[in-house]
Structure formats: structure tokens, C-alpha cells
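**Student:** This is the structure I have questions about; it appears just below.
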Amino acid sequence: MRIRPLSRSAYSSAGPETLRRAHGVQPVSVLQTEYFLFERGVEAEVLPAARELGVGFVPYSPLGRGFLTSAVKPAEHYEEDNFRRHDARWKGENYRTNKRAVDRLNELAAEKGITAAQLALAWLLAGGQDIVPIPGTRTATRVEENLAAADVELTEADLARINEIVPDGAAGPRYTPEYMPTWV
């Protein structure tokens, strides 16, 4: 039996020019990159390049590595080996600013009868049919909660309110400078 190569490929965390070059060599089906209410860096160049090429977009960590769930706590409350203990978004004033945003998102979610996690996933889904988030979870209950986000309809007023709450994403950088990706 002869194995045929896939006719399309997938990439993770590629910038717009890398995506264009790769797509020119081998058609790319999907690009997986971190994208959620607090991490909006892909909106200016990466997401438009994917759309220009007809490449689907798969946001990973769509719940902010747990920030948009009910279990969020400041950095110092995590074990030493937990990445959140060292993440600037979970520290000091960044944490307090981000927590206030999450509290406001929780208020909007409660008005709609949903969770903040469902609101965050619905926001991504409202971004277009080419966006398919992949939330991680450890329980069947959370899987069901996440799936229910597909039935949430956000109005233009809801989207405007969300963008007012988090217009530019989170307070604090995504990674420390030495680990921060640069889009090429």
C-alpha cells in the first residue's frame, strides 16, 4: 500500500509572511495560534492573512489559560511549577486590572444567563465561520458548558460592550520578552 501525502497542512503560531510562504509551497488548511479576549495580537495581521489565503483559524487557550474561568487567582497562590505563578498577567496591578475586566465580563454573561467562559467562546465564534476555538478541559461538565457556547448569540451591543471591557486585550504581556513570538 502506498501512503499518499496530505494535500494540505496545518501550522501553529506562524506570522503572516511565514503563512504566505508556507501556503505557496503547500496549501495550508488551518493555523493554530493563541487568540482570545485577552490576547488580540493576531487581529491586525495574522488573522487577515489567514482569511486572505482561505486558511481556517484555530484559537488555542481561548479561555485565557484559565483566566476566564471561575478558578482564577493571583500568581502567588499557584504552585512554583505552575506557569501562572510567573506570568505577568497574574501579578500585581496586571492581575487586579485583568480581574476587574473578568468581573465585568461575568456581569455581562450573567445578564445573558451564561458563564464568562461561554461568553468568551461565543465571542470567538461570532468572529466568523473560519474560527474554531479549541478549549482545553478536564471534566465532562466543562465540555458540555463549552459546547453550549455554540448556541449563544451575541448582539452587536454585546460585542460592543465586550470590546469596551477589553479593547486591547489583557494588562501584561503574553510571555516574558525572551519567549515572546514575533510575527514574520
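**Student:** Please tell me if L119 is surrounded by 16 or more Cβ atoms within 10 Å (Cβ to Cβ) and either farther than 21 Å from Q32 by Cα or modelled with pLDDT under 95 (or both).
**Tutor:** Taking the combined requirement at face value, the residue does not satisfy it.
**Student:** Please find, among I162, I114, the residue that is part of a loop (DSSP other than H, G, I, E, B) and modelled with pLDDT of 95 or more.
**Tutor:** I114
**Student:** Return the pair list, or none, for Cβ contacts closer than 7 Å from residues in the stretch 53-82 that are in contact (Cβ under 8 Å) with a residue 60 or more places away in the chain and under 21 Å from L125 (Cα atoms) to residues that are of a type in the set (K, R) and in a helix (DSSP H, G or I), at least 6 apart or on different chains.
**Tutor:** F67/R89
**Student:** Ok, one more. What are the residues in the stretch 52-111 that are closer than 20 Å to I162 by Cβ and part of a loop (DSSP other than H, G, I, E, B), if any?
**Tutor:** S61, P62, L63, F67, L68, T69, S70, V72 - these are the residues of the stretch 52-111 that are closer than 20 Å to I162 by Cβ and part of a loop (DSSP other than H, G, I, E, B).
**Student:** Also, I was wondering about something else. Going by the structure shown, is R142 assigned to a loop (DSSP other than H, G, I, E, B), at pLDDT below 95, closer than 17 Å to G66 by Cα and charged (D, E, K, R)?
**Tutor:** no
**Student:** Still on this structure: Being basic (K, R) and either in contact with a strand residue (DSSP E or B) (Cβ under 9 Å, 6 or more places away or on another chain) or buried (at least 19 other Cβ atoms within 10 Å of the Cβ) (or both): is that true of R104 here?
**Tutor:** no
**Student:** Report, ordered by the first and then the second residue, all pairs with beta carbons closer than 7 Å, sequence separation of six or more or different chains, a first member in the stretch 148-175 that is of a type in the set (F, W, Y), and a second member that is surrounded by 14 or more Cβ atoms within 10 Å (Cβ to Cβ).
**Tutor:** Pairs that qualify, where the first residue is of a type in the set (F, W, Y) and the partner is surrounded by 14 or more Cβ atoms within 10 Å (Cβ to Cβ): there are none.
**Student:** Please go through (1) at pLDDT 95 or above; (2) under 17 Å from the mean Cα position of the chain (by Cα) for G64 and return the number of the only condition it doesn't satisfy.
**Tutor:** It fails just one condition, (1).
The values are calculated or read from the model by the stated rules, or taken from the named source; none is laboratory data. From a predicted model like this one, the values you see are computed outputs, not experimental measurements. With ideal geometry, Cβ positions are generated from the backbone for all residues, glycine too; neighbour counts draw on all protein chains shown.
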